[in-house]
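Worksheet: one structure, shown below.
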Amino acid sequence: MFPALLFYIFSFTIIISSLMVIFSKDPINSVLFLIFSFINASGIFLLAGAEFLALILVIVYVGAVAVLFLFVIMMLDFNLENIKKETKKYLPFGLLIGGILFLEIILMLYTPEIFSNEFKIIGNRITTDLTNTEILGNLIYTEYFLQFQIAGFILLVAMIGAIVLTLRHRDYVRRQNINSQIKRDPKESIDLVDIELTERRNNDY
């Protein structure tokens with residue numbers, strides 16, 4: 001009874017905080033509600049016995065991604081009027097994508113036989129002697145190794161693309177050219193000069 005009550009509390013809190021992320025006028029408050037929804041989602045994972053996923057959700061999403069969003073929003077000066085105009089412009093496309101995702105969820109709920117075979121394969125490999133972390137590691141690095149590597153490669157490409165898009169070459173900034181430094185001729189870069197030594201006067205001491 002108590003776990004079911006906690007599940008409904010966490011679920012209701014996630015729904016409310018998710019709506020506040022969308023409808024909040026202040027971007028900082030939206031990020032804070034997003035962090036709150038992540039924490040409640042980790043609570044649901046704990047109730048389901050998936051402690052590894054709960055900790056990953058808190059460490060990665062709350063400790064890294066959401067905090068990064070918060071710092072970016074606090075450093076940038078957002079104009080709410082322009083954001084509202086851009087939101088209205090892309091609202092039909094967003095509703096279309098949301099409708100497609102909603103139909104996929106309905107399809108998964110009312111046609112479970114599509115995923116039943118896959119769930120049976122995974123369920124047959126799970127033994128009670130292993131923890132959730134060990135079971136997840138065995139599945140990722142055996143059955144789903146190729147998919148896991150493809151996902152990592154996609155994230156790597158996205159990271160490189162973000163670096164390339166945000167890279168700006170400024171003419172007034174001196175940059176280090178390692179190739180020209182390696183090919184540099186010591187005879188052209190070093191100039192030996194003979195300095196004539198003169199006797200210092202007593203007044204110099």
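The values are calculated or read from the model by the stated rules, or taken from the named source; none is laboratory data. What you are looking at is a predicted structure, and each value in this text was computed from that prediction instead of being measured. Note that each Cβ is placed from the backbone with ideal geometry, even for glycine, and that neighbours are counted across all protein chains shown.
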**Asked** From the residues in segment 17-46 that are surrounded by fewer than 14 Cβ atoms within 10 Å (Cβ to Cβ) and part of a helix (DSSP H, G or I), which one is modelled with the highest pLDDT?
**Response** L19
**Asked** Do you know which residues across segment 1-16 are over 29 Å from I73 (Cβ atoms) and either touching a Ser or Thr at 6+ places or on another chain (Cβ under 7 Å) or assigned to a helix (DSSP H, G or I) (or both)?
**Response** F2, P3, A4, L5, L6, F7, Y8
**Message:** I'd like the full set of residues that are over 21 Å from F69 (Cβ atoms) and either in contact with a Lys or Arg (Cβ under 9 Å, 6 or more places away or on another chain) or not hydroxyl-bearing (S, T, Y) (or both), limited to segment 1-41.
**Reply:** M1, F2, P3, A4, L5, L6, F7, I9, F10, F12
**Request:** Please specify each residue of segment 144-176 satisfying the condition of being closer than 21 Å to L53 by Cβ and outside any loop (DSSP other than H, G, I, E, B).
**Result:** F145, Q147, F148, Q149, I150, A151, G152, I154, L155
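Taking segment 90-143, which residues are among the hydrophobic types (A, V, I, L, M, F, W, C), assigned to a helix (DSSP H, G or I) and modelled with pLDDT under 75?
Taking segment 90-143 and keeping what is among the hydrophobic types (A, V, I, L, M, F, W, C), we get 91, 93, 95-97, 100-103, 105-109, 114-115, 119, 121-122, 126, 130, 135-136, 139-140.
Going one step further and asking which of them are assigned to a helix (DSSP H, G or I), we end up with 91, 93, 95-97, 100-103, 105-109, 114-115, 119, 121-122, 135-136, 139-140.
Within segment 90-143, I114, F115, F119, I121, I122 qualify.
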